[in-house]
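Take a look at the structure set out below.
The values are calculated or read from the model by the stated rules, or taken from the named source; none is laboratory data. The structure presented is a predicted model; accordingly, all values stated were derived computationally and were not measured. Using ideal geometry, Cβ is built from the backbone for each residue, glycine included, and neighbour counts are taken over all protein chains shown.
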Amino acid sequence: MAPDTITTIGKDDLQKYFVTLSDLLCHVEVTSKAGEPVDYAGAATALMAAARDTHAAGNKLIFVGNGGSAAIASHMATDYSKNGGIRALALNDASMLTCLGNDLGYDRVFAKQVELYARAGDLVIAISSSGRSANILNAVDAAIAAGCTVATLSGFTPDNPLRRKGKWNFYVASDRYGFVEIGHLTICHAVLDFLCGLPAPAR
C-alpha cells in the first residue's frame with residue numbers, strides 16, 4: 001500500500017490495530033528445540049529464572065538482533081542491567097560490526113563476537129523478525145557450540161529456522177514488522193518486569 005493512500009486514521013482503525021496487537025501478544029506460540037509446544041507462561045517463567053540464575057553464576061545475558069531487533073537488543077541489555085541488576089550486553093557496537101562485516105562477511109558479525117566473548121553458562125537471546133537472518137542463525141550456532149543456553153524470538157512464517165534453535169522459541173504469528181517487533185520487545189519487558197518483582201497490573 002502506498003504511504004499516501006490513507007489520509008485519516010479513525011478511532012475504529014486504532015482500536016482494531018491495538019486489539020490485533022493485544023491478541024497476537026496473548027497468543028504467542030512457544031516451542032522447544034524439538035518443535036514441541038511449550039506453555040507460554042511456563043516458558044516466560046523459565047526464561048526469567050534462567051536470566052536470574054545466569055547472573056548468579058557469574059555469567060551474562062547476550063542479546064543479538066539486526067535493525068529494529070538490534071534496537072530491541074540494546075534496549076533490553078540496558079534495562080536488564082540497570083533495572084534488573086542482571087549482567088547483560090548487546091553485540092551492536094558500530095565499529096565492531098563494520099570491522100567484522102568488512103573482514104569476515106556480514107553473516108559472521110555476531111558469531112565471531114560470540115566466539116570471542118561468550119562462555120559456557122551464558123544466556124543468548126536471539127531476536128529476528130523473519131527468523132531467517134544468516135548472521136543471527138550463525139550466532140546461535142556459535143552460542144550452542146560455546147555451551148550457552150539460547151532463547152529465540154521470531155515471527156513471519158511458522159517454519160522459520162530460528163524456531164528450532166533455542167531451548168525456548170517465542171513466535172509472534174504476524175508478517176508485519178511493527179507487530180512482531182513490538183511483540184518481541186513486550187515479551188522481553190514482561191519477563192524483566194516480573195523478574196524485578198512487579199505484579200501484573202490491576203485491570
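Summary table below
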| quantity | calculated |
| --- | --- |
| Residue that is nearest to Pro161 (Cα to Cα), among those in the range 9-31 that are charged (D, E, K, R) and part of a helix (DSSP H, G or I) | Asp23 |
| Residue list for the range 166-186, filter: crowded, with 23+ Cβ neighbours inside 10 Å and β-branched (Val, Ile, Thr) | Val172, Val180 |
| Positions within the range 175-196 being over 16 Å from Cys26 (Cβ atoms) and of a type in the set (Ser, Thr, Tyr), in sequence order | Tyr177 |
| Those residues of the range 52-84 which are among the β-branched types (Val, Ile, Thr) and surrounded by fewer than 19 Cβ atoms within 10 Å (Cβ to Cβ), in sequence order | Thr78 |
| Among (1) assigned to a helix (DSSP H, G or I); (2) hydrophobic (A, V, I, L, M, F, W, C); (3) over 17 Å from His184 (Cβ atoms), the one test that Ile6 misses | (1) |
| Residue pairs meeting the criteria (Cβ under 6 Å; at least 6 apart or on separate chains; first on the phi < 0 side of the Ramachandran plot, in the range 89-105; second surrounded by 12 or more Cβ atoms within 10 Å (Cβ to Cβ) and of a type in the set (Ser, Thr, Tyr)) | Ala90/Ser74; Asn92/Ser74 |
| Residue count for the range 106-148, restricted to those that are surrounded by fewer than 21 Cβ atoms within 10 Å (Cβ to Cβ) and at positive phi | 2 |
| Qualifying residue in the range 85-93 (condition: more than 20 Å from Cys148 (Cβ to Cβ) and either at pLDDT 95 or above or buried (at least 18 other Cβ atoms within 10 Å of the Cβ) (or both)) | yes |
| In the range 6-39, the residues that are closer than 23 Å to Gly131 by Cβ and among the polar types (S, T, N, Q) | Thr20, Ser22, Thr31, Ser32 |
| Some residue of the range 21-28 being more than 17 Å from the chain's Cα centre (by Cα) and polar (S, T, N, Q) | yes |
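Here's the yes/no breakdown for (1) modelled with pLDDT under 95; (2) closer than 28 Å to Gly85 by Cα; (3) touching a Leu at 6+ places or on another chain (Cβ under 6 Å); (4) hydroxyl-bearing (Ser, Thr, Tyr):
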residue	(1), (2), (3), (4)
Ala120	no, yes, no, no
Ile127	no, yes, yes, no
Thr157	no, no, no, yes
Leu192	no, yes, no, no
Cys196	no, yes, no, no
